[in-house]
1. Going through the range 329-351 one residue at a time, which ones are surrounded by fewer than 18 Cβ atoms within 10 Å (Cβ to Cβ) and without any contact (Cβ under 8 Å) to a residue 12 or more places away in the chain?
2. Can you tell me which condition Arg313 does not meet? The list is (1) among the charged types (D, E, K, R); (2) closer than 23 Å to Ala348 by Cα; (3) in contact with a His (Cβ under 9 Å, 6 or more places away or on another chain), and all the others hold.
3. Consider Ala4 carefully, then state whether it is buried (at least 20 other Cβ atoms within 10 Å of the Cβ), in contact with a helix residue (DSSP H, G or I) (Cβ under 7 Å, 6 or more places away or on another chain) and in contact (Cβ under 8 Å) with a residue 40 or more places away in the chain.
4. If you take the residues of the range 208-246 that are among the basic types (Lys, Arg) and more than 14 Å from the chain's Cα centre (by Cα), which of them is surrounded by the fewest Cβ atoms within 10 Å (Cβ to Cβ)?
5. If the Cβ limit is 8 Å and pairs must be 6+ apart or interchain, which residue in the range 368-389 that is farther than 17 Å from Glu352 by Cα and not assigned by TED's automatic domain parsing to the domain that holds Ser177 pairs with which residue that is among the β-branched types (Val, Ile, Thr) and not in a helix (DSSP H, G or I)?
6. Give the number of residues within the range 225-251 that are part of a helix (DSSP H, G or I), free of Cβ contacts under 8 Å to residues at least 60 places away in the same chain, more than 18 Å from Gln181 (Cα to Cα) and not hydrophobic (A, V, I, L, M, F, W, C).
7. Of all the helices (runs of 4 or more DSSP H) wholly in the range 304-381, which have at least 2 residues that are closer than 21 Å to Thr219 by Cα and touching a strand residue (DSSP E or B) at 6+ places or on another chain (Cβ under 8 Å)?
Amino acid sequence: MSSAIGANIRRLREERGWSQARLAREVCGAARVQGEPVGRQEVSRWETGKRTPREWLPFIAAAFGVPVDALKTPQKPAEPPLPTLGDFLPDDDPLAPLSARTGRRIGIGQVGDLRQRVHGLRLADDVLAGGDLIRPALRELRSAVKLYREGVHTADVGRQLLLQIGELAQIAGWIASDAGQHDEAERIYRLGISAARQAEDHTLAGNIAGSLAYQFSNTGREAEGLTLAQAAFNDARAEAPPKARALYLDRVAWAHTKAGGVEHGQGAMRALGEAGQALSEDSEGTESPDYLYWVDAGELRVMESRVYTELHRPLRAVPLLREVLSEYDATHTREMALYLSWLAVALADANEPEEAAAVAERVISISADVASERTAERVRVVLARLKDFADVPEVASLLADHAA
């Protein structure tokens, strides 16, 4: 019975586009109780069947505007349920406000200051690597969470703080992942998903979830990466602007690619096509969040070329990568090294080992001063791929110079 009730609560909540925090507030309102005796965590326990909301059932039904029996009656799903971001929330609630807040009163001015620091950190990540930014990123995130939990603020200011915590978690998680701290990055990403969902910003939640899915796909957790990338798209697409949908589909394409196999390869190509279609719907009058400033046709070409490389289709990958690299700003050292690494692999797949070795030398040279685990891993991938051509003099020399 409890599993049926939990499934119905989740279904009815998602049909209305409510977060767990929103449902908790609606239930308290229907019960006309003071304070928040029901919170997001309690709703999560109901939905997962860990707790049965016996005395709350009439108020849950009232919040949804349905009879109590609608909560008790098992539903026959017409098709397998889509993955949802609710499955990826942290077990506890690191954003739960303290029962007795002792901090200062927080106004919209402090939120604006935090927004500027978050944006500055995002711009810094464009030109600096994770190893250089991990300490200031974590410091800012801890400070923002403390501000939210301990400070005194209105509901609107609290929501704005949650949005900035979500954005900060996305960039801090990305920085931690780039620095090779994958467990820390996952913890940060899950915190960000929770913050964005509590603020009821599904576009932001999808962006953070897509970043975590990308990490999963690149660190041996391909099945989880695909599930999460699809959940990010499914949960947010109804309200997401074109740029956001294009980015989610980019992540889906990469997740399919890393999952491997013919069927997933076809899935990757479909997702890339849908990403291009989504981006084509963007226009000057379409509003997008500031954090999507970098999503454009050039970035879609980058992902397309990487997908072709991973699928061992060098005749498509090499021209695309050359085009991308010819237009890329050389001040973005990390990205330049990463894209060159895929070009080196694509050239090897095209049976051009001499040119692949020359490009690989550039990758290694550029990566030497970049504190990024991603570039270090790509160097290892390139050298491993070139071992198949160890009898070619240029490759043999490169391998000898950079023997592990």
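The values are calculated or read from the model by the stated rules, or taken from the named source; none is laboratory data. The structure displayed is predicted, hence computed values, not measured ones. Here Cβ is always computed from backbone atoms with ideal geometry, including for glycine, and neighbour counts include all displayed protein chains.
1. Asp329, Ala330, Asn351, listed by residue number.
2. Of (1) among the charged types (D, E, K, R); (2) closer than 23 Å to Ala348 by Cα; (3) in contact with a His (Cβ under 9 Å, 6 or more places away or on another chain), only one is false for Arg313: (3).
3. Values: buried (at least 20 other Cβ atoms within 10 Å of the Cβ): no; in contact with a helix residue (DSSP H, G or I) (Cβ under 7 Å, 6 or more places away or on another chain): yes; in contact (Cβ under 8 Å) with a residue 40 or more places away in the chain: yes.
No.
4. Looking only at the range 208-246, we keep the residues that are among the basic types (Lys, Arg), and these are 221, 237, 243, 245.
Still in the running and more than 14 Å from the chain's Cα centre (by Cα): 221, 237, 243.
Values: Arg221: 18, Arg237: 16, Lys243: 24.
Within the range 208-246, the match that is surrounded by the fewest Cβ atoms within 10 Å (Cβ to Cβ) is Arg237.
5. Once the first residue is farther than 17 Å from Glu352 by Cα and not assigned by TED's automatic domain parsing to the domain that holds Ser177 and sits in the range 368-389, no partner that is among the β-branched types (Val, Ile, Thr) and not in a helix (DSSP H, G or I) comes close enough.
6. 6
7. Result: empty, no element qualifies.
Condition check ((1) more than 12 Å from the chain's Cα centre (by Cα); (2) aliphatic (A, V, I, L, M)) across all residues:
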{"site": "Ser194", "(1), (2)": "yes, no"}
{"site": "Tyr248", "(1), (2)": "no, no"}
{"site": "Lys258", "(1), (2)": "yes, no"}
{"site": "Ala268", "(1), (2)": "yes, yes"}
{"site": "Ala275", "(1), (2)": "yes, yes"}
{"site": "Ser283", "(1), (2)": "yes, no"}
{"site": "Thr286", "(1), (2)": "yes, no"}
{"site": "Ala297", "(1), (2)": "yes, yes"}
